[in-house]
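A.B. asks: Quick one: the structure is below, questions incoming.
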Amino acid sequence: MSDRTSRDLSVRAAAVAVRVAELLEATCSEEAGAEPAAFLRDWAAAAERRAPGPAAPGHGSAPGQGSGSAPGRTPFERLVRWYGLGALEAELVLFAGLPEEHEGLARTFRTMHPAGAPHPSVGLAGLLIDCAARTATGATGAAAPDRVALRRLLHQGPAVRAGMLALTGDGPFHERSLTLADQLWEALHGHPARPAALEPADAGAPVPGLDGWLALPESVRAVAALRSRAPRTLLVSARDETVALSRCAALADAAGLGVFAARARPEDPAALGLLGLHAAARGAVPLLVVAAPPTGAGPVTPAVDRIPGPLLVCAAPGAVRPGPQRPVLTVPVGPVGVADRRRAWRAALPEAAARAPELAARHPLDPALTAQVALDVRSRAALAGPDGDGGDGGRPDVSGAIRARAGALLPPGVDLVGPRAPWSRLVLSAEADGQLRDAVARLRHQALVLDDWRLREAARAARGVRLLLTGPPGTGKSLAAEVLATEAGRDLLVVDGSELVSKYIGETEKNLAACFEAAERTQAVFLLDEADALFGTRTEISEANDRFANMETAYLLQRLDRFDGLAVLTTNLRQNIDAAFIRRMDFVVEFPLPDEAGRHRMWDLHLPPALRHPDVDLAALAQCYPVPGGWIRNAAIGAAFRAADEAGQVRQAHLADAMRREYGKAGRPFPGDPVTPGGPGADRRAAQALAAADAASDRLTRKENP
């Protein structure tokens with residue numbers, strides 16, 4: 001189609017070149033006009049010989065008739081029809097494009113231009129009209145366009161208003177140049193050229209898995225708006241640009257159209273005019289991609305006056321404020337249903353179609369992101385070579401692909417890890433254990449309960465699961481989050497709340513928003529440690545800092561409400577947490593210091609039997625040291641290194657010495673060595689107690705018998 005389109009445009013331009021040759025022959029001396037006229041005729045004849053079919057329209061013919069393509073199929077015909085150009089304006093477009101066809105044509109126009117510019121002048125266009133008027137009057141007596149019509153078109157005609165034609169130069173009106181919009185002639189040739197003002201943006205091909213979304217009333221209205229070709233702005237907002245672009249492509253495809261997407265300054269009418277022109281030449285819907293505004297900047301209003309039909313706008317929430325010039329349709333992105341997510345996984349990974357329900361439940365990504373992950377999975381499999389499987393026993397490593405892609409977008413201080421801690425590592429009370437298991441069950445079955453059972457509408461139930469884990473340091477809160485991620489089959493996004501807080505206004509919200517976006521993109525379990533640094537109790541406003549701190553808390557509460565995954569927040573100081581934050585939690589789980597039985601189990605978990613010397617007494621350790629699990633873990637590791645240095649097994653003395661150091665780090669008095677009933681420690685302690693008793697008895701006797 002591209003060669004045929006290009007030749008068709010050249011033939012149309014050749015008809016105008018012949019008219020210029022006729023003008024030169026009629027108005028110039030033979031010495032001055034013969035050579036350029038001959039070149040114009042020779043070039044036109046060569047262009048017509050390369051024509052794909054019947055000759056293109058000659059002078060006086062209406063655009064869109066007599067070409068080798070059906071009306072409306074070539075870029076030029078689409079442009080004429082879409083902007084409502086008359087025959088004279090269409091010919092002026094071809095006239096202005098002639099210098100782009102051949103260097104000889106540009107040189108010829110340079111010799112005829114008063115200022116030596118390689119473009120046709122307005123005066124030359126007027127001479128062409130005069131010549132056409134004389135020809136028409138002499139042949140048929142019919143009226144022909146005059147210079148008054150030319151002046152009107154070059155000031156307020158559709159082509160000039162849209163930026164398709166422009167007058168350049170500083171001379172008098174008739175000495176100015178007629179030029180075309182940047183790269184428009186190449187686009188009319190069917191080439192994928194675009195002006196510098198339009199940065200490329202790839203909407204991609206429509207992806208499977210959006211059938212349910214396209215059936216929503218808002219989406220149906222948007223498709224009808226695109227088909228109508230009436231001037232409207234369709235705003236598609238999403239925090240993830242990839243998702244918003246995918247939805248725009250799906251809407252255009254449902255309307256039977258393509259999209260021409262570009263990033264441009266929304267407030268620049270010239271840039272948006274170029275967007276509309278290049279989209280029309282391609283028979284596509286113009287799609288404007290608007291970046292998120294800088295911190296502190298407000299939304300912008302797109303300058304849409306030069307776009308005659310519908311305009312798709314893909315923007316971050318709050319980035320665009322539609323103007324009053326035209327109707328606006330807001331198309332919500334919204335989540336996709338379970339059936340569509342499964343359909344997306346089947347289409348993206350047909351080799352794992354049987355696992356689609358499992359993948360949809362474990363990785364409930366938007367279909368656009370599912371397609372990206374599938375590309376990464378196939379790339380990993382290809383790199384594994386013929387002897388590798390690229391996954392887990394031949395199963396695609398979807399989790400690894402998601403983790404790798406998300407790793408490039410993580411903010412500083414945030415880690416995305418693959419959890420491996422099993423439930424057996426947790427030592428909890430029955431109540432805490434039950435709450436954690438209920439949280440995993442809620443995440444696993446929320447599609448069934450909220451979507452299939454329609455409890456989301458009936459009870460206005462929200463998506464996502466939110467837990468607050470409270471208790472002293474070292475009681476296993478972070479370990480519990482890792483266990484939850486393991487049970488849910490998802491990665492763990494670890495965020496240190498204290499590192500997110502910034503003294504600069506707006507930076508804390510920006511940091512946390514980036515973390516939530518990363519968790520949503522990866523569908524990871526979101527772990528926010530030291531949440532009290534962010535969600536502390538709101539205070540009375542006594543100075544500016546208090547007001548901004550309260551604004552941060554309010555924003556973060558709203559952002560947590562919108563998170564539809566599993567969010568785990570930990571704090572050592574529950575009393576410092578805002579009551580409004582507590583109300584938003586689905587589960588509040590207490591992690592107290594472990595009892596003696598719990599400590600015994602922890603010693604057993606952290607110190608495998610094969611490493612223990614026979615003198616190790618875990619029961620005595622658990623009884624003697626009422627400490628959190630984190631201390632027990634540290635002491636077991638420290639004792640193991642001491643034993644390795646002595647080339648032996650871990651002894652009771654190693655463990656006692658390691659525990660002494662833990663007490664020292666905390667600034668607490670060490671209770672001494674553990675006592676093993678019947679063991680050496682017990683004898684020593686007993687002897688010490690007897691000696692102390694004897695000494696006390698002697699002192700008492702001396703007092704009584706001085």
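The values are calculated or read from the model by the stated rules, or taken from the named source; none is laboratory data. Please read all numbers here as calculations on a predicted model, not as lab measurements. Cβ coordinates were reconstructed from backbone atoms using ideal geometry, including for glycine residues, and neighbour counts include every protein chain displayed.
A.B. asks: Filtering the stretch 25-50 down to residues that are free of Cβ contacts under 8 Å to residues at least 60 places away in the same chain and buried (at least 20 other Cβ atoms within 10 Å of the Cβ), which residue is nearest to the chain's Cα centre (by Cα)? Give the derivation first.
C.D. replies: Quick first cut of the stretch 25-50, residues free of Cβ contacts under 8 Å to residues at least 60 places away in the same chain only: 25, 28-35, 37-38, 41-42, 44-50.
From what is left, the residues that are buried (at least 20 other Cβ atoms within 10 Å of the Cβ) are 37, 44, 47.
Working: 37: 57, 44: 50, 47: 47 Å.
Across the stretch 25-50, the extreme among qualifying residues is 47.
A.B. asks: Name every residue in the stretch 555-568 that is surrounded by 14 or more Cβ atoms within 10 Å (Cβ to Cβ) and within 16 Å of residue 511 (Cα to Cα), in order of residue number.
C.D. replies: 555, 556, 557, 559, 560, 563
A.B. asks: Any chance the stretch 449-456 includes a residue that's at pLDDT below 85, buried (at least 17 other Cβ atoms within 10 Å of the Cβ) and either in the same structural domain as residue 557 (by TED's automatic domain parsing) or in a helix (DSSP H, G or I) (or both)?
C.D. replies: Of the residues in the stretch 449-456, the ones at pLDDT below 85 are 449-456.
Next, from what is left, pick out any that are buried (at least 17 other Cβ atoms within 10 Å of the Cβ): 450.
Imposing the further condition that a residue be either in the same structural domain as residue 557 (by TED's automatic domain parsing) or in a helix (DSSP H, G or I) (or both) reduces the set to 450.
Yes, because at least one residue in the stretch 449-456 is at pLDDT below 85, buried (at least 17 other Cβ atoms within 10 Å of the Cβ) and either in the same structural domain as residue 557 (by TED's automatic domain parsing) or in a helix (DSSP H, G or I) (or both).
A.B. asks: Further question on the same structure: If you go through the stretch 570-579 one residue at a time, do you hit one that is in a helix (DSSP H, G or I) and among the hydrophobic types (A, V, I, L, M, F, W, C)? Quick ask: steps written out before the conclusion?
C.D. replies: Our first condition is that a residue be in a helix (DSSP H, G or I); within the stretch 570-579, this holds for 574-576, 579.
This time we only want the ones that are among the hydrophobic types (A, V, I, L, M, F, W, C), so: 579.
The answer is yes, given that some residue of the stretch 570-579 is in a helix (DSSP H, G or I) and among the hydrophobic types (A, V, I, L, M, F, W, C).
A.B. asks: Let me ask something additional. Run down 410, 443, 416 and say which single residue is assigned to a loop (DSSP other than H, G, I, E, B) and closer than 30 Å to residue 378 by Cβ.
C.D. replies: Details: 443 fails: assigned to a loop (DSSP other than H, G, I, E, B); 416 fails: assigned to a loop (DSSP other than H, G, I, E, B).
Matching residue, one of 410, 443, 416: 410.
A.B. asks: Looking at (1) in contact with a Cys (Cβ under 9 Å, 6 or more places away or on another chain); (2) within 15 Å of residue 564 (Cα to Cα), find the lone condition where residue 500 falls short.
C.D. replies: (2)
A.B. asks: Pick out the one residue from 622, 643 that is touching an Asp or Glu at 6+ places or on another chain (Cβ under 7 Å) and in contact (Cβ under 8 Å) with a residue 24 or more places away in the chain. Talk me through it step by step, then tell me what you get.
C.D. replies: Working: 643 fails: touching an Asp or Glu at 6+ places or on another chain (Cβ under 7 Å).
None of the other options fit; the residue is 622.
Okay, residues lined up against (1) surrounded by 17 or more Cβ atoms within 10 Å (Cβ to Cβ); (2) under 18 Å from residue 181 (Cα atoms):
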{"site": "211", "(1), (2)": "no, no"}
{"site": "247", "(1), (2)": "yes, no"}
{"site": "269", "(1), (2)": "no, yes"}
{"site": "285", "(1), (2)": "yes, no"}
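A.B. asks: For the structure I just gave you, tell me whether residue 356 is in contact with a Leu (Cβ under 6 Å, 6 or more places away or on another chain), free of Cβ contacts under 8 Å to residues at least 40 places away in the same chain and in a helix (DSSP H, G or I).
C.D. replies: Taking the combined requirement at face value, the residue does not satisfy it.
Rundown of residues vs (1) among the hydrophobic types (A, V, I, L, M, F, W, C); (2) more than 45 Å from the chain's Cα centre (by Cα); (3) at pLDDT below 90, yes/no style:
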{"residue": "90", "(1), (2), (3)": "yes, no, no"}
{"residue": "108", "(1), (2), (3)": "no, yes, no"}
{"residue": "153", "(1), (2), (3)": "yes, no, no"}
{"residue": "158", "(1), (2), (3)": "no, no, no"}
{"residue": "167", "(1), (2), (3)": "yes, no, no"}
{"residue": "174", "(1), (2), (3)": "no, yes, no"}
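A.B. asks: Starting from residues that are in a loop (DSSP other than H, G, I, E, B) and free of Cβ contacts under 8 Å to residues at least 40 places away in the same chain, keep the ones in the stretch 110-126 and report whichever is farthest from the chain's Cα centre (by Cα). Full working, then the answer.
C.D. replies: Our first condition is that a residue be in a loop (DSSP other than H, G, I, E, B); within the stretch 110-126, this holds for 113-120.
Remaining after also requiring free of Cβ contacts under 8 Å to residues at least 40 places away in the same chain: 116, 118.
On the way: 116: 50, 118: 45 Å.
By that ranking, first place goes to 116.
A.B. asks: How about the stretch 602-624: which of its residues are closer than 22 Å to residue 472 by Cβ, charged (D, E, K, R) and surrounded by 19 or more Cβ atoms within 10 Å (Cβ to Cβ)?
C.D. replies: Scanning the stretch 602-624 gives no hits.
A.B. asks: Condition check: part of a loop (DSSP other than H, G, I, E, B), within 21 Å of residue 163 (Cα to Cα), at pLDDT below 75 and assigned by TED's automatic domain parsing to the domain that holds residue 164. Does residue 54 satisfy that? Can you show your working first?
C.D. replies: Working: part of a loop (DSSP other than H, G, I, E, B): yes; within 21 Å of residue 163 (Cα to Cα): no; at pLDDT below 75: yes; assigned by TED's automatic domain parsing to the domain that holds residue 164: yes.
In short, no.
A.B. asks: Let me ask something else about it. Inspect all residues belonging to the stretch 422-439 and state whether any of them is crowded, with 19+ Cβ neighbours inside 10 Å and either under 22 Å from the mean Cα position of the chain (by Cα) or among the basic types (Lys, Arg) (or both).
C.D. replies: no
A.B. asks: Would it be correct to say that residue 66 is loosely packed, with under 15 Cβ neighbours inside 10 Å, modelled with pLDDT under 90 and either in contact with a Gly (Cβ under 9 Å, 6 or more places away or on another chain) or basic (Lys, Arg) (or both)?
C.D. replies: Working: loosely packed, with under 15 Cβ neighbours inside 10 Å: no; modelled with pLDDT under 90: yes; either in contact with a Gly (Cβ under 9 Å, 6 or more places away or on another chain) or basic (Lys, Arg) (or both): yes.
Criteria not met by residue 66.
A.B. asks: Please tell me if residue 478 is buried (at least 17 other Cβ atoms within 10 Å of the Cβ), in the same structural domain as residue 370 (by TED's automatic domain parsing), in contact (Cβ under 8 Å) with a residue 24 or more places away in the chain and not in a loop (DSSP other than H, G, I, E, B). It would help to see each step written out before you state the result.
C.D. replies: Numbers: buried (at least 17 other Cβ atoms within 10 Å of the Cβ): yes; in the same structural domain as residue 370 (by TED's automatic domain parsing): no; in contact (Cβ under 8 Å) with a residue 24 or more places away in the chain: yes; not in a loop (DSSP other than H, G, I, E, B): yes.
Answer is no for this residue.
A.B. asks: Can you pull out every residue in the stretch 583-597 that is loosely packed, with under 13 Cβ neighbours inside 10 Å and within 24 Å of residue 440 (Cα to Cα)?
C.D. replies: Matches in the stretch 583-597: 583 only.
A.B. asks: Please pick out the residue among 291, 280 that is in the same structural domain as residue 223 (by TED's automatic domain parsing), closer than 28 Å to residue 514 by Cα and aliphatic (A, V, I, L, M). Steps first, please.
C.D. replies: Values: 280 fails: closer than 28 Å to residue 514 by Cα.
So the residue among 291, 280 that is in the same structural domain as residue 223 (by TED's automatic domain parsing), closer than 28 Å to residue 514 by Cα and aliphatic (A, V, I, L, M) is 291.
A.B. asks: Something else: Would you be able to tell me the number of residues in the stretch 391-439 that are farther than 21 Å from residue 524 by Cα and modelled with pLDDT under 85?
C.D. replies: The qualifying residues number 2.
A.B. asks: Tell me, please, whether a residue that is within 27 Å of residue 373 (Cβ to Cβ) and either of a type in the set (Phe, Trp, Tyr) or assigned to a loop (DSSP other than H, G, I, E, B) (or both) can be found in the stretch 284-294.
C.D. replies: Step one: of the stretch 284-294, the residues within 27 Å of residue 373 (Cβ to Cβ) are 287, 289-292.
Now drop any that are not either of a type in the set (Phe, Trp, Tyr) or assigned to a loop (DSSP other than H, G, I, E, B) (or both), which leaves 291-292.
Yes.
A.B. asks: Answer with yes or no whether residue 163 is crowded, with 20+ Cβ neighbours inside 10 Å, part of a loop (DSSP other than H, G, I, E, B) and within 40 Å of the chain's Cα centre (by Cα). Talk me through it step by step, then tell me what you get.
C.D. replies: Details: crowded, with 20+ Cβ neighbours inside 10 Å: yes; part of a loop (DSSP other than H, G, I, E, B): yes; within 40 Å of the chain's Cα centre (by Cα): yes.
So residue 163 fits the description; yes.
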